[in-house]
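Notes to accompany the following structure.
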Amino acid sequence: MNENKKRLRRTMMFLNAQKPGLIKDAYIYKPDSIIFDLEDAVAENQKDAARYSLFHALTTIDYRGCEKVVRINGLDTPYWREDVRCAVASGCDAIRVPKTESPQQIKLVEEEIVKAEKVYHIPAGKVLIMAAVESARGVMKALDVCEASERMFGVALSGGDYTRDLQTHITGTGVELMGARQQLIIAARAAKVQCFDTVFTDLDNMDGFRQEVETIRLMGFDGKSIVNPRQIGIVHDIFTPTKKDIIFSEKVVREIDEKKKQGIGVFTVDGKMIDIAFYDGAKRVLDMAKASGIY
Ligand SMILES: CC(C)(COP(=O)(O)OP(=O)(O)OC[C@H]1O[C@@H](n2cnc3c(N)ncnc32)[C@H](O)[C@@H]1OP(=O)(O)O)[C@@H](O)C(=O)NCCC(=O)NCCSC(=O)C[C@@](O)(CC(=O)O)C(=O)O
Ligand SMILES: [Mg+2]
């Protein structure tokens with residue numbers, strides 16, 4: 001398995017791949033992943049220029065550990081094949097497929113990646129795939145999409161296009177996204193891939209942003225697509241385990257291991273009932289703490 005499939009992705013920051021001002025130093029803000037956008041942030045008559053800029057940036061700039069994800073254009077456009085070739089040749093880590101509605105779309109992208117990896121002498125299997133779900137049909141097909149390829153590491157909800165398809169809009173309350181969020185996280189967990197929430201575009205509403213991030217973390221999401229560096233701190237803060245969480249999780253893991261040897265299945269830690277069902281959750285907290293660099 002490609003080791004990067006499970007890497008830490010609390011923040012996936014979009015930027016327009018054509019904008020030198022953004023592309024040249026996005027790594028200084030330390031998002032976990034950068035999404036170089038060739039799709040909706042790039043005007044229709046600027047697609048070639050954006051690819052040129054992407055190739056130049058990815059082959060000359062050291063992004064210092066930030067994952068490099070390229071959002072290609074949709075499969076209903078004449079651009080996506082060239083986007084895939086350019087992204088793979090540039091040395092990207094992953095491709096984000098927008099407006100995904102079927103597993104066949106993921107397979108088509110995979111075929112193009114396989115060809116490009118051969119042509120550009122990239123190790124086979126290096127480039128991963130994530131899908132963005134942006135329609136009612138996409139939500140209904142989420143499990144099949146998540147299981148479409150061994151290269152799939154995750155799925156993201158794209159709220160702007162999704163609410164347009166649903167004939168509603170982003171309200172700031174989250175009510176319009178409730179069903180899709182729930183279905184997507186269930187599909188992702190069933191397929192054992194990661195799940196990411198949509199962007200929050202009201203940039204000056206930091207309280208609203210914090211509240212939304214708290215909610216999606218409790219729902220089980222692994223992270224969030226973001227559009228601005230000002231949003232990184234809040235997401236990392238909320239997605240990074242606290243010292244208290246870490247100490248408790250250490251105790252849970254230690255006690256479950258110990259009690260198992262003694263033939264004891266259920267007991268208490270700090271007054272809370274614990275059994276084997278708590279093991280994975282506690283391990284996940286410790287893994288998250290290690291990946292975040294605080295453990
Ligand atoms: C919104 C704004 C113009 C505001 O700019 P402003 O300049 O006013 O921001 P400031 O805060 O003043 O910037 C302070 C400093 O940070 C630098 N800086 C800002 N943003 C940066 C960044 N992203 N990366 C690196 N650097 C950055 C900036 O250069 C400055 O640097 P400096 O001058 O040196 O101090 C800008 O952020 C931006 O372009 N964002 C990305 C927008 C984008 O890509 N949208 C497409 C993806 S969504 C979509 O398609 C919908 C979706 O598909 C989504 C889904 O799939 O989920 C769906 O359907 O819902
Ligand atoms: Mg979109």
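For the stretch 200-217, a tally of residues being free of Cβ contacts under 8 Å to residues at least 12 places away in the same chain and within 13 Å of ligand 1 (Cβ to nearest atom) returns 1.
In this structure, is residue 132 surrounded by fewer than 23 Cβ atoms within 10 Å (Cβ to Cβ) and either more than 23 Å from residue 63 (Cα to Cα) or out of contact with any Asp or Glu (no Cβ under 7 Å at 6 or more places or on another chain) (or both)? Criteria not met by residue 132.
Beta carbons closer than 9 Å, at least 6 apart along the sequence or on distinct chains, pair a first residue in the stretch 8-29 that is under 13 Å from residue 229 (Cα atoms) and assigned to a helix (DSSP H, G or I) with a second that is open to solvent by less than 30 Å² (accessible area, probe 1.4 Å) and near ligand 1 (Cβ under 7 Å from one of its atoms) for 22/15; 22/16; 23/15; 23/16; 26/13; 26/15; 29/13.
For (1) among the aromatic types (Phe, Trp, Tyr); (2) more than 18 Å from the chain's Cα centre (by Cα); (3) within 14 Å of ligand 2 (Cβ to nearest atom); (4) open to solvent by less than 60 Å² (accessible area, probe 1.4 Å), each residue gets a yes or a no:
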residue	(1), (2), (3), (4)
81	no, yes, no, no
95	no, no, no, yes
101	no, no, yes, no
108	no, yes, no, no
111	no, yes, no, no
122	no, yes, no, yes
125	no, yes, no, yes
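Looking at the structure I just gave you, is residue 154 under 19 Å from the mean Cα position of the chain (by Cα), within 16 Å of ligand 1 (Cβ to nearest atom) and open to solvent by 10 Å² or more (accessible area, probe 1.4 Å)? Here the answer is no, as residue 154 does not meet what is asked. Scanning the stretch 32-42 for residues that are touching a residue at least 12 places away in the same chain (Cβ under 8 Å), within 23 Å of residue 233 (Cα to Cα) and assigned to a loop (DSSP other than H, G, I, E, B) turns up at least one hit.
Residue 20 satisfies every condition listed in (1) loosely packed, with under 15 Cβ neighbours inside 10 Å; (2) within 22 Å of residue 128 (Cβ to Cβ) except (2). Residue 220 satisfies every condition listed in (1) touching a helix residue (DSSP H, G or I) at 6+ places or on another chain (Cβ under 6 Å); (2) within 14 Å of ligand 1 (Cβ to nearest atom); (3) open to solvent by less than 30 Å² (accessible area, probe 1.4 Å) except (2). Taken over the stretch 43-74, the criterion of being part of a loop (DSSP other than H, G, I, E, B) and out of contact with any Asp or Glu (no Cβ under 6 Å at 6 or more places or on another chain) is satisfied by 43, 61, 62, 63, 64, 65, 66, 74.
The values are calculated or read from the model by the stated rules, or taken from the named source; none is laboratory data. Source: prediction; values computed, not measured. Every residue, glycine among them, receives a Cβ derived from its backbone with ideal geometry; neighbour counts consider all protein chains shown. Note: accessible area is taken over every heavy atom of the protein model, side chains too, but ligands, DNA and RNA are not part of it. Shrake-Rupley method; radii C 1.70, N 1.55, O 1.52, S 1.80 Å.
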